[in-house]
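Here is the structure we will look at, set down as structure tokens.
The values are calculated or read from the model by the stated rules, or taken from the named source; none is laboratory data. Since this is a predicted model, take the numbers as computed values, not measurements. Neighbour counts are summed over all protein chains in view; Cβ atoms, including those assigned to glycine, are modelled from backbone coordinates with ideal geometry. Ligands, DNA and RNA are stripped out before the accessible areas are found, and what is left, the full protein with its side chains, is counted by its heavy atoms. Shrake-Rupley method; radii C 1.70, N 1.55, O 1.52, S 1.80 Å.
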Amino acid sequence: MCGVVSIIYEKDNKQIGNEAVSLLKKLEYRGYDSTGASFFKENGEILLMKKVGSPTKVTQELEIGKHIGQKFIGQVRWATYGAVTNENAQPHEVNCKIHIAGAHNGNISNTDSLKLFLRENGHKVLSDNDGEMLVHMVEHFYAIEFHKLKNPSVEEKKKAFIRAIRTAQSKVIGSYASCIAAPDIPGVFAMKSGSSLYAGKGHDANGDFIVVSSDLTSVLGKTRFLIPLSEGDGLYFTHNEYKIFSLKEEKEWVPSLTRSRLNIADIALQPRYSYFMEQEIASSPSNLDTLLKYYIEEEQERELYDIFEKNYQACRGLLYDIVKLYDIFDSTAIKAHYDTILNNPDFIAMYKVVEKKAPHILKAAESTGFSSEDSQLLNELLSFDVAQLKRLFVLDMLIIWKKKRTIVTYKKRVVEIFKAAKSSTNRIYMVASGTSYHAALIGGYFFNSVAGVAIIPSNPGQFRSNFIDSLAANDIVIGISQSGETKDLVDIFNDIRARYENGVKIFSIVNNENSTIPQEKSDFYLPIMCGPEIAVAATKSFISQVALLYLLALATKLTDDEIKLKLAKIRSVMKFTLESIEMSITDVVLRLFLKPSMHILGTSLIGIAKEGALKIREVVLNHTEGYDSAEFKHGPNTILGKNTLFSFSELEEMHNGFVDFMLELTANKNDAEKAAAKSFLEHLKNFKLGNGGAEVLSGKFETGNREWYAEWYKLYVEKLSVEKFFTNYPLVFVCPPDERDIRITITQIHTHKIRGADIILIAEENEELQRAVEGKPASLEHYYYKYIKIPATGDKYAFVFAATLALQQIALKMSITKRKYLNKLKIEEHGVHPDVPKNVSKSITVD
């Protein structure tokens, strides 16, 4: 995945360089292999600058912030087509037939054939990058369209450019979003063809602007007023005007702006935290409250909701009027429309009923504040007249009721699907990638043991190769995706629709409700509503996915009140876990952060083991595998004992040992000894570690020096023998409070620690586990163990959440510690970062 961004003002702007720097840095999580910027001046000049490196590094090295222009197109690259080189960096400026420049985010799968076509048609292709092919293709067809015109006006050029985009788009195969501009056309052209793209209109100290980006949060950092874009849309925009055009048909339109509901506070790093990953882990317990609010029907709400139901048509009208506020941007007009809502006879009558029948609801207004997804708008309305707090609070509850009504309806439908599947031959598949796939594995654990329903978790590749050709009518496919844009999952849903027109049910579990999968690919969806997740490594969304799956499994057996008690207990356990395990985790982090490899072994919890391993691989960049604990003995255990994995700290020890060896070898020697020592070192240069011994080595020298050589070799072995640097291999066991799982874990601990494993155990307190961990094997002098004790509940399902937090915290703190260590060594571009580690991206939108 890459990121593309553009902003345009009315005139050349001295601050556009600083705007470019800010926008590029906000895209750093999407790509850091290379960074580029193109500035277009009013006089038609294009300034292009790009270089290998992250936005933080390149914007400083190229002094991007100092440049002037009217419009800017930039890109951050996560390399797919073409090596990480300056030539393959984007944007691309081309002028083979006509002058344009642009960049893209995504992938173009027929890049090689496009390159051949372009070269055959006189284009000079300078890179292997698919983005250059796209820009050249638009250039090629724009030149054809342009040369058909005689003395074209700006409007004629715009129309010709749009025709060229449509033709180029029909020749290009792939999923992408792009921004392209010509120096003699005032605006910028953007395309949304399979990858995320967002646009907004606003005003700042430099005047009116329109901004476009692959990332919604970078647009919201500039404006809350969005231009609605859908799949297959093109966009032409200047500083204050825009129009949408179809990428396939001759259709154009100008939609109204919409106001984003997203709270800027949700995407900002709070002062108490240093990293988004840290902040997002800490928010996980409170996110369970959101699930409870929308998925669990409360007795105290019933009276109020009955009032809304009896006034259903009036409520629909009021909600429609509230939504219309998002299309009004002048504060005076907002106030006028708001007054019409408050003075609506239906609302006045309904409010009086609430005052009479549910006064306790109104009493909560001052203490609880607004909590619907429109709370930011309601707070803005409250600023007009604070005396209207209670009336606005009723509107807040109305908005919650409307969303909750839909969610509860679909929740009940899903529960019935699961219940029906238990007594039928219908199969239920959960398809997801990465972290969401691990949530599906844990969902299978819940549904099997809580609901007695079999779930088949699968990633898209497995599903395509093992299941897609054998689906039957009434099978159920559940897609899980944080972003709702996961390309692999979109492709699976498209394939199912194409092959099975009727019968197979598809629904999704997502965080981003306004994304492709829930809005375009699913029969319906269930939201996890944990808010935007900025860090690349998913943490809070994973917890919320797992919590929703647990809630659904419980709903097949229990009442809402019983479910609420169980989730409230889990929330408390999660908070206590974060507070209580700090010391144990710190000790483990210092022990493991430089270990080149480790395994996390989950007993009955393969999903947690795999997710914990993924987090460490993602943000620490240490090789880590997640396995079922009993499965580890079937091959992977060969890593135990002597192996050739050496860490940075062990290399440091080798280096220090060699320095000590050299100091002793050369100290206080006469000339004859020095000559012999030099000869010894020459032969030692080709000597393999662990090979032979004093006899083999001394056989290479004169008889008279053998005593010296034997003595020096003994010193060499003492300081540098590879045997000194073999260390135990770390195994992290995750064991729930289940009698059978405890027995299995104890057996595996004993089996592996005697073969050279250090043991870290994540479990509730248990005497038998304690004895198994702390018992030192007779043959291992340097055995290390740590027992990370999770708050005791005796509940193996609550344990899932606490253990997940422990593993997330370990990954976070290992990343921070290793990052500081590598920075201290002045190792550049090492890629260790809790929020933006190298080579991974938030939502993979390429195959």
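Descriptive notes on the structure:
- Solvent-accessible area of His337, all protein chains in place: 30 Å² (probe radius 1.4 Å, heavy atoms, ligands and nucleic acids excluded).
- Helix-only [θ]222 nm of the chain, DSSP H runs n ≥ 4, -39500 (n - 2.57) each, per residue, nearest 500: -14500 deg cm²/dmol
- Accessible-area composition of the stretch 446-543, carbon plus sulfur, in percent [1.4 Å probe]: 41 percent
- Here the stretch 181-247 and the stretch 28-56 have alpha carbon centers that stand 18 Å from each other.
- Placing +1 on each Lys and Arg Cβ and -1 on each Asp and Glu Cβ, with no other charges, gives the stretch 288-355 a dipole about its Cα centre of roughly 280 debye.
- Spin-label pair Glu739-Arg119: with each label point 7 Å from Cα along the Cα-Cβ axis, the two points sit 7.2 nm from one another.
- Förster-model FRET efficiency, 45 Å R0, Ile754 and Tyr821, C-beta, rounded to 0.05: 0.90
- In order along the stretch 571-579, the Karplus-derived 3J(HN,Hα) couplings, from 6.51 cos²θ - 1.76 cosθ + 1.60 at θ = phi - 60°, round to 4, 5, 4, 4, 4, 5, 4, 4, 7 Hz, and Gly and Pro are given as x.
- Dipole-positive endmost among Thr516, Tyr273, Asn459 within the chain (Cβ charges, Cα centre): Thr516
- Database remark: amide H of Asp12 closer than 5 angstrom to the amide H of Glu42 (H placed geometrically; neighbours at sequence offset of 5 or more, or on other chains; Pro and chain starts carry no H).
- Annotation: Glu309 carries an accessible surface of approximately 80 Å², with a 1.4 Å probe and no ligand, DNA or RNA atoms counted.
- Accessible area of the stretch 52-188 belonging to carbon and sulfur atoms, whole % at 1.4 Å probe: 51 percent
- Taking the Cα centre of the stretch 376-507 as origin and assigning +1 to Lys and Arg Cβ atoms and -1 to Asp and Glu Cβ atoms, the resulting dipole is close to 580 debye.
- Within the same chain, lysines fewer than 8 places from Lys422 are excluded, and of the rest, those with a Cα less than 19 Å from its Cα are Lys411, Lys412, Lys505, Lys557.
- Comparing Cα centroids, the stretch 94-109 and the stretch 431-478 end up 40 angstrom apart.
- Separation of alpha-carbon centers, the stretch 580-645 and the stretch 368-401, rounded to whole Å: 47 Å
- Pairs from Lys569/Lys818; Lys71/Lys826; Lys148/Lys243; Lys243/Lys310; Lys487/Lys610; Lys25/Lys390 whose Cα-Cα separation, in the structure shown, is over 32 Å: Lys569/Lys818; Lys71/Lys826; Lys243/Lys310; Lys25/Lys390
- Shape category assigned to the stretch 757-823 from the gyration tensor of Cα positions, a/c cut at 1.5: oblate
- Percent of C-alpha pairs per 5 Å bin, the stretch 132-225, short to long: 3, 13, 20, 19, 18, 14, 10, 4, 1
- When the charge dipole of the chain is built from unit charges on Cβ atoms (+1 for Lys and Arg, -1 for Asp and Glu) and taken about the Cα centre, the candidate among Gly36, Gly479, Pro737 whose Cα reaches farthest toward its positive end is Gly479.
- The alpha carbon gyration tensor of the stretch 197-274 gives principal lengths a ≥ b ≥ c with a/c of 1.5 or higher and a/b greater than b/c, which makes the shape prolate.
- Furthest towards positive pole of dipole, Leu318, Met191, Ser647, structure part the chain, Cβ charges: Leu318
- Charged-residue dipole, Cβ positions (Lys, Arg, Asp, Glu), the chain about Cα centre, Debye nearest 20: 560 debye
- Of Lys57/Lys813; Lys293/Lys419; Lys403/Lys615; Lys404/Lys521; Lys335/Lys363; Lys324/Lys404, those spanning more than 29 Å from alpha-carbon to alpha-carbon: Lys403/Lys615
- Cross-link partners of Lys248 among aspartates and glutamates (Cα-Cα below 13 Å; sequence separation of 8 or more within a chain): Glu231, Asp233
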